[in-house]
Amino acid sequence: MKKKTVAAMLVMCMALSATACGGSDTKETKTETTQDTGDKKDSASSDKKTSASAVRLVSVSDVSKYVTIGEYKGLTLDRASVTVTDDDVQAEIDHNLEENGTEVNDGTVEEGDSVTINFTGTIDGKEFDGGSAEDYDLVIGEGGMIDGFEDGIIGMKKGETKELDLTFPDDYYEESVAGKPVVFKVTLQKFTRPSELNDEWVAANTEYKTVDEYRAAVKKELEENETKSADYDLYSNAWSEVLANSEVKEYPEEDVDKAVEAYKKLNENYVKEAGMEMSDFLKAQGMSEEDYEEDCQQYAESKVEQNLIVQGIMDAEGLSLDDDDIQTLKDELLSEYGYESFDQLVAYYGEQEVNESLALMRVERFIVDNATVNETSATEADVANEDADPESENTGVDAAEDTTEDNASEEDSSDTAEESEETASEDDVANEG
């Protein structure tokens with residue numbers, strides 16, 4: 001079953017989704033709190049609170065010189081929840097039946113089948129850029145290709161080759177082929193058919209015995225995922241409100257330099273693992289060296305801004321990364337990223353980045369615990385946005401994952417840097433874009 005993103009996000013993958021790149025420039029209505037220099041606190045009390053955790057996110061001992069922290073207690077927040085319907089459950093089951101379909105060796109393609117094809121497109125007898133692909137997967141009937149393409153595959157047998165005489169729509173997004181007749185030579189490699197939902201399939205493919213048990217389990221998991229999604233939105237919105245009402249007065253130079261270095265190292269490692277050179281990666285991103293340097297600086301400043309605010313709240317409230325509550329947050333990170341042990345997580349991302357994530361999560365929960373939360377029903381717009389990536393900024397791993405657009409489907413999608421070299425030549429213009 002598909003899972004949705006929850007609150008756990010490692011700093012290198014999400015820092016700008018929480019802080020918004022260059023967010024300080026757009027902030028309004030700054031509300032000062034006890035971290036402001038104009039307020040005097042009892043030094044003994046302050047020292048006691050600060051010493052609650054040995055872990056520090058910034059190099060400075062007093063963040064009030066660097067940031068004015070917005071009001072973070074007594075906020076009014078909305079938590080929008082979504083009701084899981086029978087249609088939602090059926091859609092998830094249909095997806096699972098499709099994913100666990102049966103390969104058909106005898107017979108012909110029908111609507112709803114998942115096919116793997118090779119195809120070559122020609123216009124006036126000549127191949128054109130993006131008109132060919134190998135081992136291309138699509139589901140017949142989903143409408144991801146131009147009119148006539150999927151219908152032409154219906155009735156084909158495994159191993160069969162067929163030519164489809166079609167015409168690109170006049171309003172096709174790629175103007176160079178819009179309105180032109182095209183011939184696609186299609187070879188059907190293989191195809192699978194969605195399984196039939198019955199007790200036998202359930203017993204063979206799930207941990208349940210009957211359709212009713214399986215349907216109930218699917219509904220329960222969808223509801224749990226919706227709860228996690230609603231919680232994530234609540235925590236994210238709580239943090240965004242505090243961030244919007246905070247303001248950086250000065251950036252600690254040491255912290256910014258370290259953040260720039262870490263960001264570059266992350267991208268370099270990712271690009272290297274993908275078998276690319278950094279210059280090729282930047283070219284694929286449409287970035288110059290100057291653009292990249294500016295992106296690194298913006299990322300670093302946003303990350304440091306986040307750490308200053310988080311550290312300031314932790315200092316003021318005596319929050320720690322060493323108490324029993326932190327284990328729950330560690331478990332969330334392990335669950336979200338699929339690691340078996342916390343040591344593995346730290347080994348991959350680094351102790352500093354993991355601590356930053358845990359600290360942000362801890363502060364987000366503190367904000368929510370000290371807020372008035374109104375339960376609301378999600379609007380249709382909210383539901384539509386649930387499947388959107390909340391990490392909308394192209395930073396760190398996210399930047400590397402947005403290297404290439406895959407034109408194979410009706411919706412825009414992104415390939416990882418590792419996939420970009422394999423898929424760039426397969427971006428076909430047979431689809432509806």
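The values are calculated or read from the model by the stated rules, or taken from the named source; none is laboratory data. Just so we're clear, the structure is a prediction, and the values are computed from it rather than from any experiment. Here the Cβ positions follow ideal geometry from the backbone for every residue, glycine too, while neighbour counts run over all protein chains shown. These accessible areas exclude ligands, DNA and RNA; they are computed on the full protein's heavy atoms, side chains included. Shrake-Rupley method; radii C 1.70, N 1.55, O 1.52, S 1.80 Å.
Going by the conditions given, is S236 in a helix (DSSP H, G or I) and touching a residue at least 24 places away in the same chain (Cβ under 8 Å)?
It is true that S236 is in a helix (DSSP H, G or I) and touching a residue at least 24 places away in the same chain (Cβ under 8 Å).
Quick one: is V186 of a type in the set (A, V, I, L, M), modelled with pLDDT of 95 or more, surrounded by 13 or more Cβ atoms within 10 Å (Cβ to Cβ) and under 22 Å from D135 (Cα atoms)?
yes
Criterion first (hydroxyl-bearing (S, T, Y) and in contact with a Leu (Cβ under 6 Å, 6 or more places away or on another chain)) does S246 satisfy it?
Criteria not met by S246.
Working carefully through the options T68, T76, find the one that is open to solvent by less than 20 Å² (accessible area, probe 1.4 Å), in contact (Cβ under 8 Å) with a residue 12 or more places away in the chain and polar (S, T, N, Q).
Among T68, T76, only T68 is open to solvent by less than 20 Å² (accessible area, probe 1.4 Å), in contact (Cβ under 8 Å) with a residue 12 or more places away in the chain and polar (S, T, N, Q).
Please go through region 149-178 and pick out each residue that is open to solvent by 30 Å² or more (accessible area, probe 1.4 Å), under 19 Å from D113 (Cβ atoms) and either without any contact (Cβ under 8 Å) to a residue 12 or more places away in the chain or not acidic (D, E) (or both).
D151, I154, G155, K157, K158, G159, T161, K162
Of the residues that make up region 244-252, is at least one open to solvent by 50 Å² or more (accessible area, probe 1.4 Å), among the polar types (S, T, N, Q) and either under 30 Å from D369 (Cβ atoms) or modelled with pLDDT of 95 or more (or both)?
No, region 244-252 has no match at all.
For region 272-285, which residues satisfy the criterion of being in contact (Cβ under 8 Å) with a residue 60 or more places away in the chain, assigned to a helix (DSSP H, G or I) and more than 30 Å from I309 (Cβ to Cβ)?
E273, F281, A284
Please enumerate the residues belonging to region 190-200 that are open to solvent by less than 70 Å² (accessible area, probe 1.4 Å) and in contact (Cβ under 8 Å) with a residue 60 or more places away in the chain.
Correct list: F191, T192, R193, P194, S195, L197.
Here are the criteria: (1) buried (at least 19 other Cβ atoms within 10 Å of the Cβ); (2) of a type in the set (A, V, I, L, M, F, W, C); (3) closer than 26 Å to S195 by Cβ. Tell me which single one A133 does not satisfy.
Of everything listed in (1) buried (at least 19 other Cβ atoms within 10 Å of the Cβ); (2) of a type in the set (A, V, I, L, M, F, W, C); (3) closer than 26 Å to S195 by Cβ, A133 misses just condition (3).
Quick one: which residue in T83, T108 is assigned to a loop (DSSP other than H, G, I, E, B), β-branched (V, I, T) and within 30 Å of N370 (Cα to Cα)?
From the options T83, T108, the qualifying one is T83.
Starting from region 245-271, keep only residues that are assigned to a helix (DSSP H, G or I), then list their pairs with residues that are of a type in the set (S, T, Y) whose Cβ atoms are within a distance under 6 Å, requiring at least 6 positions of separation or different chains.
Short answer, once both residue conditions are applied: E254/S59; D255/S59; Y263/Y299.
Give region 60-80 a look and list any residue that's part of a loop (DSSP other than H, G, I, E, B) and under 30 Å from K228 (Cα atoms), or say none.
I69, G70, E71, Y72, K73, G74, L75
Answer yes or no as to whether V115 is among the β-branched types (V, I, T), in a loop (DSSP other than H, G, I, E, B) and open to solvent by less than 50 Å² (accessible area, probe 1.4 Å).
no
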